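**Student:** Structure provided below as structure tokens; questions to follow.
The values are calculated or read from the model by the stated rules, or taken from the named source; none is laboratory data. None of these values were measured; they are calculated from a predicted model. Backbone-built Cβ (ideal geometry, glycine too); neighbour counts: all protein chains shown.
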Amino acid sequence: MNWRSRRAALAILILILAAIVAIWWAVRLLDPGDRGDTTPDVTPATLAPQSAPAREFEVDPAASRVGFIAQVAGVGLEGTFPVRGGTIILEPVRDMLQVHVSFEIDVDGLSTSNALFDRALRAALASGDYPLAFYVAGSDGLVPVTEERVSFGLTGDLELHNVVQPHPMDVSAQVTGSTLEAIASSTLDLARHGVELPALLGSPAIDLRAVIVAHEATR
């Protein structure tokens, strides 16, 4: 082989080696392999935080009552219905609360300073689900999470004298630690529940003011 042939063969070999080196570097660039980088190439989806569990409070019958004022011969007569029991549930909704209440009211246990009115009202109520009334309701909107006193409306149904009627109430409530205290007020028209009082006893509408104390249930 003459020197010209050798030079040509050497040039071809150099070109082949250059091509191999170029291909090797291209593979390295296209396949970075393990560079010790622990940062993901994509951002993982953000998971929604788990909702906090609802808080359930059990009504304390000894500390709760439904007070009322009835008109008897044009004079306001104060009385009370005992509360048999019930629950208040604070359900988390986003960063606020939905309030759910359920009460049992002892109608037969009513008491006033007027024995005649007591007997007349007991007699008028003595049918259906007597001697109990039931109230189930929820807050009209969301209530802030706070230990300060808050005011809100309740909308629900009152079952009295075996007749169910819508019954809204205005509420002022406060949670302190594991105790919930609330005052709820409304006007109750007994005639809408089929309760007929003697005309001498006055208006069938009575003003209610419930005082409720409840303690958080232990799990």
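**Student:** Considering only residues that are among the β-branched types (Val, Ile, Thr), under 26 Å from residue 202 (Cβ atoms) and either surrounded by 18 or more Cβ atoms within 10 Å (Cβ to Cβ) or not assigned by TED's automatic domain parsing to the domain that holds residue 175 (or both), which ones fall in the range 73-130?
**Tutor:** Result: 83, 105, 107.
**Student:** Look at residue 196 and say whether it is modelled with pLDDT of 95 or more, surrounded by fewer than 17 Cβ atoms within 10 Å (Cβ to Cβ) and either touching a strand residue (DSSP E or B) at 6+ places or on another chain (Cβ under 8 Å) or assigned by TED's automatic domain parsing to the domain that holds residue 111 (or both).
**Tutor:** No: the conditions fail for residue 196.
**Student:** Could you pull out every one of the strands (runs of 3 or more DSSP E) wholly within the range 51-134 that has 3 or more residues that are among the charged types (D, E, K, R) and at pLDDT 90 or above?
**Tutor:** Values: elements: 55-59, 65-72, 75-93, 96-106.
Fully inside the range 51-134 and qualifying: 55-59, 75-93.
Residue-by-condition table, conditions (1) of a type outside the set (D, E, K, R); (2) touching an Asp or Glu at 6+ places or on another chain (Cβ under 9 Å); (3) in a strand (DSSP E or B):
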residue: 148; (1), (2), (3): no, no, no
residue: 151; (1), (2), (3): yes, yes, yes
residue: 158; (1), (2), (3): yes, no, yes
residue: 180; (1), (2), (3): yes, yes, yes
residue: 185; (1), (2), (3): yes, yes, yes
residue: 191; (1), (2), (3): yes, no, no
residue: 197; (1), (2), (3): yes, no, no
residue: 210; (1), (2), (3): yes, no, yes
residue: 213; (1), (2), (3): yes, yes, yes
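**Student:** Related question: Given the criteria aromatic (Phe, Trp, Tyr) and closer than 19 Å to residue 79 by Cα, does residue 134 qualify?
**Tutor:** Against the criterion (aromatic (Phe, Trp, Tyr) and closer than 19 Å to residue 79 by Cα), residue 134 qualifies.
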